[in-house]
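Note sheet for the following structure.
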Amino acid sequence: MPEVLNTLAYADLKLGKIDSAVESLDRVLAQVPDDLAASVMRAGADLLNHDTKGAEQTLLQACKIAPKSAEARRVLGDFYADQKRFPEAETQFQAALAIDPKDGPALLDLARLQVFENQSEAADATLERLAKMDGYHSIHAIFLFQTGRHEEAIRELEKLVERYPDDRGMRSNLVIAYRASGRAADADKLLAKALKSNPKDTDALLQRGEIAIGAKNYALAEGDLNQVLSLRPTDPEVHYLLAKLNQARGATLTYRQELSETLQLDPYLLAVRLELARDLSTTPDGARAALDLLDAAPSSQKDSMGILVQRNWSLWAVGDLQAMRKGIDEGLAHSRSSELLIQFGLWKLRTGDALGARSLLEEALKLDPTDLRAIKALTETYLAQKNSTLALQTVKDYAAKQPKSAPAQDFLGVLLMANGQQEQARAAFQAAKKDDPTFVRSDLALVQVDAAENKFEDARTRLQSVLAADGTNLTARLWLGNIEETMGNHEAAIQDFRKVIQADPANAQASNNLAYLLAEYENNTDEALKYAQKAVELAPEHAPYLDTIGWILYKRGFYTPAIGYLQQASSNSKPDAVWKYHLAMAYAKAGEVNRGKVELANALKLNPNLPEAKAAKDLLGGNP
């Protein structure tokens, strides 16, 4: 009967039925006073009712009834630690160890307390003692590593790996320690040895795959991860690493699919849920999906600060300011964190209170002076008051205080470029590169400066350098295709766009650009139509893609369907003259000459000097 009542009480607590749980637990304790599980749940029920004294009395009574129970003393110690009554917690942990000197959980709790109170020598001794017990052998080495004693930690881990060669967890810790200490060759050697001994060692394959992603050796990573996937198809860790591989490659849709698969396999992975929600929230439609994703979190996670903060960002993306404000207020009631202050500042800015926003953002920067989101939002408060000079000066001051921050210098460059100060922007981007030679974002920004100054050779050379360091950078490859096309190197551009699509079939821009070039310069309208349809499928309202498919249909002689797409493109709020010339010619070919002449007249007003103007006028019989 007590076991049944305990089970019922546990279920009631999970459902929030505290009174019912208390009734069941009191019945258990009346029958079996030394039932520690019931005492712990009874104390938990007291805490849920905000009765701290009642919880303490319940646990003290458990220790009194079972004076030889180390576990009862440890549970009471955990209670005191949670209440930040550290001396009392330590007394109880020591009492538990006096009863059972080999109580591993009590030693671990004591060590945690000692670390928290900066008792490093005591923690060292406690963990060294704990490391002699099964299940805890690595813990002292991990402590050494986390406290900066890397070489001592590595020596200890090496001995452990030699003593326990089949313990993959120890080996993984040693690999991590090697790499963090700059001994990548030793890490690679250790993993190679493991895989030589057992080519199907999934832990070694996973770790080597993760390392390969960081090293941008995507082919090796893909091979290792797919091998693990074939052996452990339902392992969420494999799917998560496949997600990170696709993210590194720029394959956004596959990245999201793998994150979703990871969550399906383990819905309790909160960090993965938040990562997917963050990525989805980059667009309004995605943010709606992100809200559904966050609302689907397990009940035990719904009230977590991570969910609340990310939900605010997703609400911001969909424009639901009322719900966002409610979330901000709820969060600030618990913690005045920099991220919540940034959210509140953005909310104030959106609702027209630039001064109120500025105050909040300045407070956020005091908490975290390096938070670039805060300084970006702060500049917006000045821009909202049409004070671009002060906005720029604010960023200059910020960048001056962060001279070794590549992101800070890069943001200064972005703002200078927006203000038309291209040479100063170039200097800022170059400063970012000096601070961090691997900071590719500034490379790409410098490409934009080159292109704005018609320095296409320089832009191409810079992109080729980026791709030489990382051939999988799809943004650089796409931009190189655009530069090649601008320079008239159509064949080179076609090859670049093909490479982008091969790595990321869902890249709409690459599909559109490839379609246009195939139709225009290789007269391959069959293949061109396939890619144009894909681009429109991915972005059905994007006017340039509608024009491309319309023009390809025109070239194939399908004038009526071509008109439909070209009309959609030309009805854009900012139509391109080329689209209107294309529509005029489609009307002419379909026998609607008068409508064609109207569109030709509209196109000539926009730009009479394009090659398409002559073609349209020739087809429609001169000037309209």
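The values are calculated or read from the model by the stated rules, or taken from the named source; none is laboratory data. The model shown is predicted, which means the values in this text are computed figures rather than measured ones. Cβ sites come from the backbone with ideal geometry, for glycine too, and all protein chains shown count toward neighbours.
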- Message: Can you confirm whether Ile307 is closer than 25 Å to Ser281 by Cβ and modelled with pLDDT under 95?
- Response: no
- Note on the structure: The residue from Ala131, Ala96, Ala106 that alone is free of Cβ contacts under 8 Å to residues at least 12 places away in the same chain and buried (at least 17 other Cβ atoms within 10 Å of the Cβ) is Ala131
- Message: Please count how many residues of the stretch 537-550 are over 14 Å from Gln567 (Cβ atoms) and β-branched (Val, Ile, Thr).
- Response: 1
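For Gln393, indicate whether it is surrounded by fewer than 16 Cβ atoms within 10 Å (Cβ to Cβ) and either of a type in the set (A, V, I, L, M, F, W, C) or farther than 24 Å from Val309 by Cβ (or both).
Values: surrounded by fewer than 16 Cβ atoms within 10 Å (Cβ to Cβ): yes; either of a type in the set (A, V, I, L, M, F, W, C) or farther than 24 Å from Val309 by Cβ (or both): yes.
Yes: the conditions hold for Gln393.
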- Item | Residue selected from the stretch 422-442 under the condition of a type in the set (A, V, I, L, M, F, W, C) and under 23 Å from the mean Cα position of the chain (by Cα), by the criterion nearest to Asp397 (Cα to Cα) | Ala432
- Taking Gln257 as meeting all but one of (1) of a type outside the set (D, E, K, R); (2) touching a helix residue (DSSP H, G or I) at 6+ places or on another chain (Cβ under 6 Å); (3) outside any loop (DSSP other than H, G, I, E, B), write down the number of the exception. (2)
- Query: Out of all the residues in the stretch 513-521, is one or more touching a Leu at 6+ places or on another chain (Cβ under 9 Å) and farther than 30 Å from Tyr554 by Cβ?
  - Reply: no
- Restricting the stretch 452-511 to residues that are acidic (Asp, Glu) and outside any helix (DSSP H, G or I), the residue that is modelled with the highest pLDDT: Glu453
- Task: Can you give me the ranges of the helices (runs of 4 or more DSSP H) entirely in the stretch 61-151 with at least 1 residues that are among the charged types (D, E, K, R), within 30 Å of Ala177 (Cα to Cα) and touching a helix residue (DSSP H, G or I) at 6+ places or on another chain (Cβ under 6 Å)?
- Result: 104-116, 120-130
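Every residue, every condition in (1) in a helix (DSSP H, G or I); (2) under 27 Å from Lys216 (Cβ atoms); (3) touching a helix residue (DSSP H, G or I) at 6+ places or on another chain (Cβ under 6 Å), yes or no:
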| position | (1), (2), (3) |
| --- | --- |
| Leu390 | yes, no, yes |
| Lys396 | yes, no, no |
| Ala399 | yes, no, yes |
| Pro407 | yes, yes, yes |
| Gln430 | yes, yes, no |
| Lys434 | yes, yes, no |
| Ser442 | yes, yes, yes |
| Gln448 | yes, yes, no |
- For the stretch 433-450, pairs from a residue that is farther than 19 Å from Asn482 by Cβ to a residue that is of a type in the set (S, T, N, Q), with Cβ under 6 Å and 6 or more apart or across chains, are Lys433/Ser442
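Determine whether the stretch 355-375 contains at least one residue that is among the polar types (S, T, N, Q), without any contact (Cβ under 8 Å) to a residue 24 or more places away in the chain and farther than 28 Å from Leu340 by Cβ. First the steps, then the outcome.
Quick first cut of the stretch 355-375, residues among the polar types (S, T, N, Q) only: 359, 370.
Those left that are additionally without any contact (Cβ under 8 Å) to a residue 24 or more places away in the chain: 359.
Subset that is farther than 28 Å from Leu340 by Cβ: none.
Checked the stretch 355-375: no residue is among the polar types (S, T, N, Q), without any contact (Cβ under 8 Å) to a residue 24 or more places away in the chain and farther than 28 Å from Leu340 by Cβ.
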- Message: Within the stretch 397-413, does at least one residue satisfy the condition of being without any contact (Cβ under 8 Å) to a residue 60 or more places away in the chain, crowded, with 16+ Cβ neighbours inside 10 Å, within 30 Å of Asn246 (Cα to Cα) and hydroxyl-bearing (Ser, Thr, Tyr)?
- Response: yes
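Taking the stretch 161-177 as the region of interest, how many residues are in a loop (DSSP other than H, G, I, E, B) and either touching a strand residue (DSSP E or B) at 6+ places or on another chain (Cβ under 9 Å) or loosely packed, with under 14 Cβ neighbours inside 10 Å (or both)?
Applying the first criterion (in a loop (DSSP other than H, G, I, E, B)) to the stretch 161-177 yields 164-167.
Narrowing the set further to residues that are either touching a strand residue (DSSP E or B) at 6+ places or on another chain (Cβ under 9 Å) or loosely packed, with under 14 Cβ neighbours inside 10 Å (or both) leaves 165-166.
Qualifying residue count, the stretch 161-177: 2.
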- Note on the structure: With the first residue restricted to the stretch 211-231 and required to be of a type in the set (Phe, Trp, Tyr), and the second required to be part of a helix (DSSP H, G or I), Cβ contacts under 9 Å at 6 or more apart or on different chains are Tyr218/Ala212; Tyr218/Leu245; Tyr218/Ala248; Tyr218/Arg249
- Message: Among the residues in the stretch 440-447, are any acidic (Asp, Glu) and surrounded by fewer than 20 Cβ atoms within 10 Å (Cβ to Cβ)?
- Response: no
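Residues are listed down the side, and each one gets a yes or a no for (1) under 20 Å from Gly250 (Cα atoms); (2) surrounded by 23 or more Cβ atoms within 10 Å (Cβ to Cβ); (3) out of contact with any strand residue (DSSP E or B) (no Cβ under 9 Å at 6 or more places or on another chain):
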residue	(1), (2), (3)
Asp470	yes, no, yes
Thr475	yes, no, yes
Gly481	yes, yes, yes
Glu491	no, no, yes
Arg498	yes, no, yes
Gln502	yes, no, yes
Asn507	yes, yes, yes
Asn513	yes, yes, yes
- Query: Of (1) more than 27 Å from Gln495 (Cβ to Cβ); (2) under 38 Å from the mean Cα position of the chain (by Cα), Thr560 satisfies all except one. Which?
  - Reply: (2)
- Message: Scan the stretch 537-559 and tell me whether some residue there is out of contact with any Ser or Thr (no Cβ under 7 Å at 6 or more places or on another chain), of a type in the set (D, E, K, R), touching a residue at least 12 places away in the same chain (Cβ under 8 Å) and buried (at least 24 other Cβ atoms within 10 Å of the Cβ).
- Response: yes
- Message: Just to be sure before I move on: is Arg278 at pLDDT 95 or above and out of contact with any Leu (no Cβ under 8 Å at 6 or more places or on another chain) in the structure I sent?
- Response: yes
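I'd like the residue in the stretch 555-582 that is of a type in the set (D, E, K, R) and outside any helix (DSSP H, G or I) and, out of all such residues, is farthest from Pro540 (Cα to Cα). Explain how you work it out, then say what you get.
Restricting attention to the stretch 555-582, the residues satisfying the condition of being of a type in the set (D, E, K, R) are 555-556, 574, 576, 580.
In the following step, the residues that additionally are outside any helix (DSSP H, G or I) were identified as 556, 574, 576.
Details: Arg556: 21, Lys574: 17, Asp576: 18 Å.
Step by step, filter the stretch 555-582, then rank; the result is Arg556.
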- Message: Just to be sure before I move on: is Leu220 part of a helix (DSSP H, G or I) and closer than 23 Å to Leu269 by Cβ in the structure I sent?
- Response: no
- Task: Select from the stretch 583-607 the residues that are closer than 23 Å to Pro540 by Cβ and touching an Asp or Glu at 6+ places or on another chain (Cβ under 6 Å) and list them in ascending order.
- Result: Leu583
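Output the residues belonging to the stretch 590-617 that are part of a helix (DSSP H, G or I) and surrounded by fewer than 18 Cβ atoms within 10 Å (Cβ to Cβ). Please lay out each step first, then the result.
Here is the first cut: in the stretch 590-617, the ones part of a helix (DSSP H, G or I) are 593-606, 611-617.
Across the stretch 590-617, the qualifying residues are Val593, Asn594, Arg595, Val598, Ala601, Asn602, Lys605, Leu606, Pro611, Lys614, Ala615.
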